[in-house]
Amino acid sequence: MPRPRFQRAPIEKRDAVLDAAAKEFARHGYDDASINRILLAAGFSKGSFYYYFDDKLDLAAAVLERESTRFLEIWSKLRSPSSKDEFWAELGKLVDRSTAQMHKSPTTSDALMRLGSAMARHPELLARVSGPFVEEATEKLATFWKRGQEVGAVRTDLSISTVIAILQEIKIALVRLLLPHDRVPTPEEFERYVLVHFDLIRRLSEEQ
């Protein structure tokens, strides 16, 4: 993540570099993104960049954190289910709302998809991603899946932490296998990924 001083920088300065980085990652992906092009677009010097960031990994993690916070409102709408059917219906609504949010901003959508693909191939990038969104999302996710166990929707022979860890590894594997690493996926490719992902989540975690 960026150095703490980045959060103390003027908002206009932070937005300038993160906006430029989001566009660069959306257009070129993580591997081919150019720090020089980002700095030129943002009006940043190399000295300023390394004052706030250690490297491109730090910058990519900062972009992921900022763009992901747009999904906090979606997570806040996640209702606690009272039955097995309600649990899976609510999870389906979360997937639908998240997909709709992705399509609201092409730049945000493309940046998240390309950086998400990069995280599946670069564990070091995944390790850099942290912050309030990750903590809040993880807590809400654990609470929701725990409720799934209570209403008989989620298998109880495994701990919630184990279930979530398994599902995370499945997501990473599917991103590698179903989404292209060198371009933004087509709507058809992304839809297939979402459908297969949700199907596997249910098959592997549902109480039999």
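Here are a few things to note about the model shown:
- Accessible area of the stretch 1-69 belonging to carbon and sulfur atoms, whole % at 1.4 Å probe: 49 percent
- Taking 0.36 nm per residue of sequence separation and removing the Cα-Cα distance, the R27/L158 pair yields an extension gain of 43.1 nm.
- Rounded percent of accessible protein surface that carbon and sulfur make up, the stretch 99-208, 1.4 Å probe: 57 percent
- The angle between the Cα long axis of helix 132-150 and the longest principal axis of the Cα atoms of the chain comes to about 10 degrees, rounded to the nearest 10.
- Distant-in-sequence amide H partners of V154 (H built 1.01 Å from N, under 5 Å): Q149, E207
- Solvent-accessible area per residue for the chain (1.4 angstrom probe, square angstrom): 54 Å²
- Helical runs (DSSP H, four residues minimum) scored at -39500 (n - 2.57) apiece and divided by the length of the chain put the mean residue ellipticity at 222 nm at -24000 deg cm²/dmol.
- Measuring nothing but how far apart in sequence close Cα pairs (under 8 Å, 6+ apart) lie, relative to its length, the stretch 56-208 scores a relative contact order of 30 percent.
- Of the trypsin sites (Lys or Arg not before Pro) found in the stretch 100-208, the ones in coil according to DSSP and having at most 11 other Cβ atoms within 10 Å of their Cβ are K104.
- Convex hull volume per residue, computed on the Cα atoms of the chain, equals 115 Å³.
- When the listed pairs K93/K140; K77/K146; K23/K77; K23/K104; K84/K171; K13/K46 are checked against a 19 Å cut-off, the alpha-carbon distance exceeds it for K23/K77; K84/K171.
- Linear extension gain, E73 paired with A127, 0.36 nm per residue minus alpha-carbon span: 17.0 nm
- Local electrostatic count, R5, Cβ distance below 15 Å [Lys/Arg +1, Asp/Glu -1]: +2
- Neighbourhood net charge (13 Å Cβ-Cβ; Lys/Arg +1, Asp/Glu -1) for R183: -3
- For the chain, the longest principal axis of the C-alpha atoms and the axis of helix 106-121 are separated by about 80°.
- The trypsin sites (Lys or Arg not before Pro) of the stretch 1-79 that DSSP puts in a loop, and whose beta carbon has at most 11 other beta carbons within 10 Å, are K77.
The values are calculated or read from the model by the stated rules, or taken from the named source; none is laboratory data. This is a predicted model, so every value here is computed, not measured. Cβ sites come from the backbone with ideal geometry, for glycine too, and all protein chains shown count toward neighbours. Only protein heavy atoms, including side chains, enter the accessible area calculation; ligands, DNA and RNA are left aside. Shrake-Rupley method; radii C 1.70, N 1.55, O 1.52, S 1.80 Å.
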